[in-house]
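The values are calculated or read from the model by the stated rules, or taken from the named source; none is laboratory data. Predicted, not measured: the structure shown is a model, and the values here were computed from it. Counting neighbours? That spans all protein chains shown, and the Cβs are built from the backbone with ideal geometry, glycine included.
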Amino acid sequence: MFYWLRNFSRASLTFAGTLISALVVWLAVSSTGNLTIRELQSTGQARLALYDSSLRAAIDRYRYLPYVVARHHQVIQAISDPQTAQIANLYLERVNNRSGAAALYVLDRTGVTVASSNWNTPDSFVGEDYSFRPYYSLALAGNEGFFFGIGVTTGRAGVFISNPIFQNGEIIGVVVVKLELDEVEMNWQEGGETVFVADADGVITLTSRGDWKYRTLSPLSDTDRTRINLNRQYPGRELTSLNVGQQLAKGSGIVTISSHRYLFDSKPIRGSDWRIFYLTSMDQVTDRQAAVMLIAIIGGGMIVLLILFLRERELKLASQREARELERIQALNTRLEEEIAERRKTEDELRGTQNELVQAGKLAALGQMSAAIAHEINQPITAIRTFCASAKLMLDRGKTDQLDQNISQISSLTERMGAITGQLKTFSRKSTGVLEPVDLKVALGNALQLLRPQLESENCSLERNEPDYPLIIRADLVRIEQICVNIIRNALDAMEDSGVKRIRIDLATDADDVTMHITDTGPGMNDETLALLFDPFFTTKDPGQGVGLGLSVTYGIVRDFGGTIKAYNTTMGGACFEVRLPLLRNSKQ
Ligand code: ADP
């Protein structure tokens, strides 16, 4: 499965693995970052909405109060008749206690406090002039005043909401409720989240971060600073800037405050000119990214190591496989060598056996021929004996002149006998096994010479067709003679009962081979004989007549000389044996 790993070097695999791992790490880290940011953004939005609504709820609780109080007759009375201020003081104290506001007080048209819920405390507003406060001027103009600032009398920050007091359609004074949002702020701080509210000037009025209180988002312009001072909105506060106004202007995104990165979202607070901001530390993102990076690096490293390990294993397995293959091939070679040696031995044995068979075949032929030979030799011997007897008579009678004729006849008869025994000697001679150029015509002539007595005694005629040039093949003369003898003798045997006994021998050459066709007028061969003809010990002859070796020996000899032999029936009904042997040289040319 991993065998392709072998094709790569360790360095290239490490390099590619590291590259891919780095890519995976980068992808994992960036997608984790994006995912976490998206997650934090949606949480931030929900938290922001919650903070916004809780803050609004805290303010809106008191919004109706100045409106209602401004319509109370004791309040209206107190403005027109300062003598009744105490009644108004008590009324305001009661209502204030009930509502839970920080203070509830009434200003006359000039901005001076005529009655206040805290009339009997050291910080009493009664007699104080608040005409410099915007909530006073706003209410005097007939509007609701909304203002955040630090109390000039108490030194405590709060939201001031004001409403005009009407009498006969005319504004005669202003009712102000002051509420302190300390509790809201405390809750924010306890929540541990980062949230703040900035007013229209960008001054942070409420925040969960104590160190950001009364800091500005952007540096204040001189005009703004003068206005704020005039309003005595943040007395004693430096209003230094955090310098993040530009970053926060987008409404949401990422902001860096005091070299710390936050994800922020913001929204305007309905019913005021404030804006609330919710911040989430980017640490969460970087922490998660760091964790993912660590996991991805470890994972990537492990994958690289695994790949290297698999490669090493593959290499080891491959070398083991190669070693096994080598062993198998070596074993195969050894077996092959053994088989070759075995074959050589068998071949030697076969060759020996073949030689034996040649010899056996010769002996068998000799046995068969002996009758004919005896007959051949007996005739000259009888003739010699007769010539000797008549020669003796001639000597006795003194007719010596006729002796010479007798002696020369005896001599020619012995010559004939000598020729016969000579042939037999050649025939019984064992082959030398040495191959040399042999003229097929000569070999055939020798064989026919040997078979002549048999041919004659069988009254068999012979027809020879051959070219007038020698047919040289590379062979062993004795064995070629043997081939011819075997085929011709078989033909003679086959024609034993035939009316016409004729053997035709055709020798011819083509470009590469010399062919010899030996055709007889016998009965031919049936299918079984044709199939088994060249098998050793196949014979159709009576026991003692044949041993079935002649043609198998012939087949072996022809094959040894690089030739072929086949047999078939002729259209005339007799058998034909075709021997084809490679021509050593074309003697025609
Ligand atoms: P053997 O002569 O001892 O039988 P051979 O191997 O020489 O052994 O011949 C095998 C057989 O082939 C013979 O028995 C004979 O049946 C058949 N045969 C050989 N030559 C001829 C032929 N010319 N005509 C018909 N049959 C033949």
Based on what the data block shows, is Tyr262 closer than 21 Å to Tyr130 by Cβ, among the aromatic types (Phe, Trp, Tyr) and touching a strand residue (DSSP E or B) at 6+ places or on another chain (Cβ under 6 Å)?
no
Applying the selection to the range 29-88, what residues are within 30 Å of Gly253 (Cβ to Cβ) and of a type in the set (Phe, Trp, Tyr)?
Tyr51
For Met572, are the conditions met, namely being near the ligand (Cβ under 7 Å from one of its atoms) and at pLDDT 85 or above?
no
Are there any pairs, at least 6 apart or on different chains, whose C-beta atoms fall under 7 Å, with the first in the range 527-539 and touching a residue at least 60 places away in the same chain (Cβ under 8 Å) and over 8 Å from Leu551 (Cβ atoms) and the second in a loop (DSSP other than H, G, I, E, B) and near the ligand (Cβ under 8 Å from one of its atoms), and if so, which?
Pro536/Gly548; Pro536/Leu549
Under 9 Å by Cβ, and 6 or more places apart or on different chains, what pairs join a residue from the range 113-132 that is at pLDDT below 90 with one that is surrounded by 15 or more Cβ atoms within 10 Å (Cβ to Cβ)?
Asp123/Ala103; Asp123/Gly151; Asp123/Thr153; Asp123/Thr154
Over the range 481-504, the set of residues more than 12 Å from the ligand (Cβ to nearest atom) and hydrophobic (A, V, I, L, M, F, W, C) is Cys484, Val500
Residues being near the ligand (Cβ under 7 Å from one of its atoms) and either on the phi > 0 side of the Ramachandran plot or of a type outside the set (Phe, Trp, Tyr) (or both) - total across the range 515-544:
10
One residue from Tyr64, Tyr51 being without any contact (Cβ under 8 Å) to a residue 40 or more places away in the chain and not aliphatic (A, V, I, L, M):
Tyr64
Can you pull out the residues in the range 66-108 that are surrounded by fewer than 16 Cβ atoms within 10 Å (Cβ to Cβ) and within 18 Å of Ser162 (Cβ to Cβ)?
Tyr67, Val68, Arg71
Identify, from the list Ser272, Ser241, the residue that is among the hydroxyl-bearing types (Ser, Thr, Tyr) and modelled with pLDDT under 90.
Ser272
If we scan the range 468-480, do we find a residue that is touching a residue at least 24 places away in the same chain (Cβ under 8 Å) and within 16 Å of the ligand (Cβ to nearest atom)?
yes
In this structure, is Arg489 assigned to a strand (DSSP E or B), of a type in the set (D, E, K, R) and surrounded by 14 or more Cβ atoms within 10 Å (Cβ to Cβ)?
no
Would it be correct to say that Ser80 is over 17 Å from Ser117 (Cβ atoms) and modelled with pLDDT of 90 or more?
no
Out of curiosity, is Ala567 at pLDDT 90 or above and within 15 Å of the ligand (Cβ to nearest atom)?
yes
Of the candidates Ile307, Ile329, Ile303, the one satisfying the condition of being assigned to a helix (DSSP H, G or I) and over 20 Å from the mean Cα position of the chain (by Cα) is Ile329
Within the range 131-144, take every residue that is of a type in the set (Ser, Thr, Tyr) and surrounded by 22 or more Cβ atoms within 10 Å (Cβ to Cβ) and give me the one that is farthest from Asp108 (Cα to Cα).
Tyr135
As an exercise: evaluate Tyr64 against (1) farther than 30 Å from Arg275 by Cβ; (2) assigned to a helix (DSSP H, G or I) and give the number of the one condition it does not meet.
(1)
